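Here is the structure we will look at.
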Amino acid sequence: MYAAATESLIKQAREIKEEELQRFCGRIFKLLHTKDVSGDTVDSLQRLNLIVSATKYARELPSDLVMKLQTLLRSSSCPEQLQVLTSSIIRESFPSSVHSLCSDLSHDSRTFSHVASVVLAQVSHMLFTISLYSVHKHLSNHLITFTRILCSLNPDQVNLVSRKLVDWLRYASMQQGASMSSGGFFSGPRTRQPAPLTEVDGVVTGDFFTVLCLGQSYTEDQWMNMYTFSMIKSWLLTYDTDGTTNTESDDRSEVDSSVMSMVSATSSSSRLLPPKERLREKAFEYCQRLIEQSDRKALKKTDTELQKACIVESVSIMDIICGEDPSYVYRAFPCIKALYGRLNGDLAYARALLPIAQFYLNHSEIAAVDSEAVFCQLFSHCPAEQFNEPMLAFEFVQFCLLNASVLQDRVANYRQSFPNILKFLAGNSSGLIAEFVELLPSLIASDTAIELLHTILDLPCLAAALDLQQRSACYQASDRSAWDQQGAKVAACLDAFRQPSYRGLFLYILRPEAGTGDTIDRLKMLHEILADMAESPRVVQCAQVVPVLLHVYFNTVTQVRVTNERSGHLIAHTSTKKLMYTHICHISQGLNCVISSSVFIVTHLQALCKLHPPLIVDQSREILEFASSPANIYSKEDFYTHVVWVIGEYLSVSYDPRCTVELITSFFESLEAVLFEITQVRQSASPPSFSPRLITVLMTTLAKLATRSQDLIPRVSLCLSKMRTFARSAPVMTCYSEEDTEEIITRAHELINLLKLPNVAQFVLAPSAGGDGPRWHRDTNASLPQGMRAVSGLLHRHSSSLPT
């Protein structure tokens, strides 16, 4: 928040009227025509700068004042304070003519800098206007042309800039810039003699200047060297043009005319190259020099961080150069391999391994270099030991996203390393959700999909275990006072984490790669051990992420068509594991209700069953155990209802020849017992806490099963005949509406009438698998429309003959 006085000034600046602004601009115009710049002139310009900056929209200034401000901006004799103010005012006002700004420029670098800032602001304003407003077609053509010119210079202009970049990058001076020192009380300041530059370890620099050469002050060409290095990657990526219209003599004369070109007498051969190739050559040498300098022991911590940043940038630039010209690959690999050998195992340089891995991924096949060790180190050690580093986590996941398809095809341990990769999500869940939603499909493979599903479900446990691992490393076992400061619950979990009897549980949940098994038998024990960590922020965030990842996981699985036995086995197991996990108590409360939401179940359970109907027979024991327990109705009614619907829809010999009469009878008896138990009519019974939909689904499923084993028809008819008594009982009438009770009675009546004609009932309740095709509903000569008309007539005549 601004101070009250500042807010008052800003408010006045925003509310100034146009007439008053024009009068004020006229006064400034007169002041600027005086020979000497007074304090009143500076003060007025500062006030004008506040006025044009205080509003979101640009203020239009008088054209004569704008021209005078541009003249001052281009003048090298103008005081810098005035140049700064005029530059700021022009940037905030309406766009001025770029041509008039750039004409008659002095060769003063300070003036160039201020003019460049104005031109950049005007270009940004133009691009913003293009993106924000709809413009006339004729005008938009000019704007698009203008944008294309900005984004793609012609080869001559690219070559011109490339030559200057070479000079700035390679031929900077080797002495420090001149600095001023005090000459004592009786004498004025004096200029010190230029001192040599030093390396990060204090040794005098012997080779050409780079950003890792240190000094107390820097010359202009040294600053240009740093600026050039900072933008050389973008330049190489943007202007990747190999052609040039210049001859060798033109190029040589241009370079020889440069003052700095005489410094390097050893690089005469590279001058014969076209400008773009020469820029690649010098940038490559520059990066090699930086990698050599990064091996020096820095005296300051800030210089160590600078070394790390230079390694990342240098390897990335070399990667781009090798991609543009493969001949550089053979020159680069010795340097990159030596760098990897030096950094391998040093966790402080973990972020530098990512561009090295990218280099190996892009160029190892060309150079016939084995890259397995690089990716083993990357996927095994980095996530396990630095999972709580946000920047590394983000860059690591971005690396995987950028190269997902290549990693799947060429890196064997990529998909095997998902337990380690998910540690980044467990440690930084709030910032990486979107990235992991995009990344997760690339981690799903047929041989590890079951284990991946368990790992996703165990993500809150993983977050708790990583938290305990981190705390355990900070506090020694003997330091109980430090443990107690973490809280009694956390202290108990830390104690359990260090117990040898629980070591196997934590080793599994913290495993670095897949292949040790889908899950563990003592998972419930692990949940009990970690129960006290349920309120940990990291655990709660991971629990909220789990349903999102499950949605992505099952979307990916269901989109793959079942083409072989392994795929069907995978889908059957994933469905069963989801069914089992809906009644497992996670350490984070509230996860069950999210996982078992009706939207989630409808989206995935039915889709999986439709893709692979035999899973009902494959997992009949687990499904039957779940469906036969009325307790599941009260804890997860939506999920239970859809399981019952799936049983009635897909438990049929038409979907699986293994579906025997005995299996159908066992499912029928279990569901019959459940329906009987929940519909018992007793005077002391409490109102039902389940929806009428569950009753109708149970009745319909029992009728479907009875048509597949017709010996069961009398039993289901007897059960359905009791539904009127249930629906008209006092507890039900107080709970259900009149429409609900009528729906139950009507459904029971329809099913009873239908079951009196067993062959017709089997046709209606259990149509063939192709019954949902368009032909069965559009073609009037097909059997289904005729059959429906016949059934409707039979049911209508039969219902009309019944006594009232």
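The values are calculated or read from the model by the stated rules, or taken from the named source; none is laboratory data. All of these numbers come straight from a predicted model, not from anything done at the bench. Counting neighbours? That spans all protein chains shown, and the Cβs are built from the backbone with ideal geometry, glycine included. These area figures cover heavy atoms from the full protein model, side chains too; ligands, DNA and RNA do not enter into them. Shrake-Rupley method; radii C 1.70, N 1.55, O 1.52, S 1.80 Å.
Summary of values
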| read-out | value |
| --- | --- |
| Residue within segment 221-240 that is at pLDDT below 90, exposed (fewer than 12 other Cβ atoms within 10 Å of the Cβ) and assigned to a loop (DSSP other than H, G, I, E, B) present | no |
| In segment 195-215, residue nearest to CYS287 (Cα to Cα) [restricted to those that are surrounded by fewer than 20 Cβ atoms within 10 Å (Cβ to Cβ) and of a type in the set (S, T, N, Q)] | THR205 |
| Qualifying positions in segment 711-731 - assigned to a helix (DSSP H, G or I) and surrounded by 14 or more Cβ atoms within 10 Å (Cβ to Cβ) | LEU712, ILE713, ARG715, VAL716, SER717, CYS719, LEU720, MET723, ARG724, PHE726, ALA727, PRO731 |
| Test: residue in segment 568-584 that is modelled with pLDDT of 60 or more, out of contact with any Phe, Trp or Tyr (no Cβ under 9 Å at 6 or more places or on another chain), outside the structural domain of ILE647 (by the TED database) and part of a loop (DSSP other than H, G, I, E, B) | no |
| Segment 399-421, residues that are aromatic (Phe, Trp, Tyr) and not in a helix (DSSP H, G or I) | TYR414 |
| Count - residues of segment 387-420 that are of a type in the set (Lys, Arg) and either at pLDDT below 90 or surrounded by fewer than 19 Cβ atoms within 10 Å (Cβ to Cβ) (or both) | 1 |
| Residue check, ARG14 open to solvent by 100 Å² or more (accessible area, probe 1.4 Å) and free of Cβ contacts under 8 Å to residues at least 24 places away in the same chain | no |
| Contacts under 6 angstrom Cβ, first residue in segment 274-291 being over 19 Å from GLY206 (Cα atoms), partner among the polar types (S, T, N, Q) and assigned to a helix (DSSP H, G or I), 6 or more apart | PRO275/ASN159; PRO275/SER162; LYS276/SER162; ARG278/SER270; LEU279/SER162; GLU281/SER270 |
